[in-house]
Amino acid sequence: MVIARQAFLNSDFYRPISDSLNQIIVDAALKLGSPEKELSKSEKAIQVLDIGCGEGYYSQRIHNSLSDHQIEHNLFGLDISKDAVIAAAKRAKVEALKEDAPTTSTSEWLVASAIDIPLQAKSIDIATCLFTRLMPESYHKVIKQDGFFICVNTGEKHLIELREKLYEEITKAEFDPVKNMGEDFELVDHQQVSYQNTLSSQQQIQDLLLMTPHNWRTKADKKEALASLEELTVTIDAQIHIFKAKEKAVVEIEAVEEVEEVEVAVAPTSSSNPWGKTESATEVIVDEAAETEESPIKEDPQPEAKVNTEAKVNPWSKN
């Protein structure tokens, strides 16, 4: 799937989506680094996280766009697939060896789940997530207050021509990112990217199919019918939602103590403490509470979960 995704995206079939996303990120970065804000040298670098970065097509184009606008930044790409992250790091290394490659920005690549992002709390200025499920609680932990979260999801007409060839009946997909993101994020803008493009070979059709969930949902006979096509014009319909992270609401509940007198009859048949069982149960509850408590800051993420492009071969790696 990684190879198919890389081949398809490298054809720039989805480039208009990437271009729109890049412009949104540049605008957001300029707002965060406005001259009115007094920032130290270390704070001037915008911290960008691409969640579910895959083989790095969108991540690398984000980096290039920010660099073209001379916006100092550090880019983190995160994906649960080790193969995808390795491919992304290799792509970054190739780009870094070019003569005009920026030397003031860095990229780091993490093999990790978006459920538990191994970055420090409130360390990210801008986070992106493209065509995957949303986990707002996890995102909110690492995005700074008033930082931006940008998600890209499919619209109702996305790949409608392909879906009509794969399914007898097309079901309307119901997905509302605004509702899904909850109360900790505020929607500040929404854009639609819609256009048509032609898959010009059977290989390109198959590459697209392999990188979508339709590949494992489709029946064999429908796949065979699709394999006979040499070209297919499809509609691209992407919805981009821009959110701002709000301060998490803290609800204070006034504690009220209620004392209830209960008469307990204890049979004097044993010299053991009649409260022994209760004390033991209390200890278990305390132990369980201690075991489930988690630190909100990841001070030292596992080194094997991190793929860096070394400074000697990649001039935009971290010092």
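Once region 26-42 is narrowed to residues that are at pLDDT below 90 and part of a helix (DSSP H, G or I), the residue that is farthest from the chain's Cα centre (by Cα) is K41. Could you tell me which residue of region 189-205 is farthest from A227 (Cα to Cα), considering only residues that are surrounded by 13 or more Cβ atoms within 10 Å (Cβ to Cβ) and among the β-branched types (V, I, T)? Looking at residues that are surrounded by 13 or more Cβ atoms within 10 Å (Cβ to Cβ) and among the β-branched types (V, I, T), I get V193.
Output the residue which, of all residues in region 59-99 that are assigned to a helix (DSSP H, G or I) and of a type in the set (S, T, N, Q), is nearest to the chain's Cα centre (by Cα).
If we filter region 59-99 for residues that are assigned to a helix (DSSP H, G or I), which is where we start, we get 59-68, 82-96.
Filter once more, so that each one left must be of a type in the set (S, T, N, Q): 59-60, 64-65, 67.
On the way: S59: 11, Q60: 15, N64: 19, S65: 19, S67: 21 Å.
Among them, the one singled out is S59.
Being of a type in the set (V, I, T), within 24 Å of F149 (Cα to Cα) and loosely packed, with under 15 Cβ neighbours inside 10 Å is a condition met by no residue of region 160-172.
If you go through region 200-228 and pick out every residue that is touching a residue at least 60 places away in the same chain (Cβ under 8 Å) and not in a helix (DSSP H, G or I), you end up with 1. Checking the structure you have, find out if any residue of region 112-124 is buried (at least 24 other Cβ atoms within 10 Å of the Cβ), part of a strand (DSSP E or B) and touching a residue at least 40 places away in the same chain (Cβ under 8 Å). There is at least one residue in region 112-124 that is buried (at least 24 other Cβ atoms within 10 Å of the Cβ), part of a strand (DSSP E or B) and touching a residue at least 40 places away in the same chain (Cβ under 8 Å).
Considering only region 10-25, how many residues are over 18 Å from the mean Cα position of the chain (by Cα) and outside any loop (DSSP other than H, G, I, E, B)? Full working, then the answer.
The initial filter retains those residues of region 10-25 that are over 18 Å from the mean Cα position of the chain (by Cα), namely 10-16, 19, 23.
Keeping just the survivors that are outside any loop (DSSP other than H, G, I, E, B) gives 10, 15-16, 19, 23.
Residues in region 10-25 being over 18 Å from the mean Cα position of the chain (by Cα) and outside any loop (DSSP other than H, G, I, E, B): 5 in total.
Of the residues in region 201-240, how many are within 14 Å of F131 (Cα to Cα) and modelled with pLDDT of 95 or more? Of the residues in that region, 6 qualify.
Of the set (1) touching a helix residue (DSSP H, G or I) at 6+ places or on another chain (Cβ under 8 Å); (2) surrounded by 15 or more Cβ atoms within 10 Å (Cβ to Cβ), all apply to P177 but (1).
Restricting attention to region 73-96, the residues that are touching a strand residue (DSSP E or B) at 6+ places or on another chain (Cβ under 6 Å), surrounded by 19 or more Cβ atoms within 10 Å (Cβ to Cβ) and of a type outside the set (F, W, Y) total 9. In region 43-58, the count of residues that are modelled with pLDDT of 95 or more, in a helix (DSSP H, G or I), among the hydrophobic types (A, V, I, L, M, F, W, C) and buried (at least 16 other Cβ atoms within 10 Å of the Cβ) is zero. Taking first residues from region 1-22 that are within 26 Å of F149 (Cβ to Cβ) and touching a residue at least 60 places away in the same chain (Cβ under 8 Å) and partners that are assigned to a helix (DSSP H, G or I) and β-branched (V, I, T), the Cβ contacts under 9 Å between residues at least 6 apart in sequence or on separate chains come to V2/I86; L21/I62.
The values are calculated or read from the model by the stated rules, or taken from the named source; none is laboratory data. Bear in mind that the values here come from a model prediction, so they are computed numbers and not experimental data. Cβ: placed from backbone, ideal geometry, glycine included. Neighbour counts: every protein chain shown.
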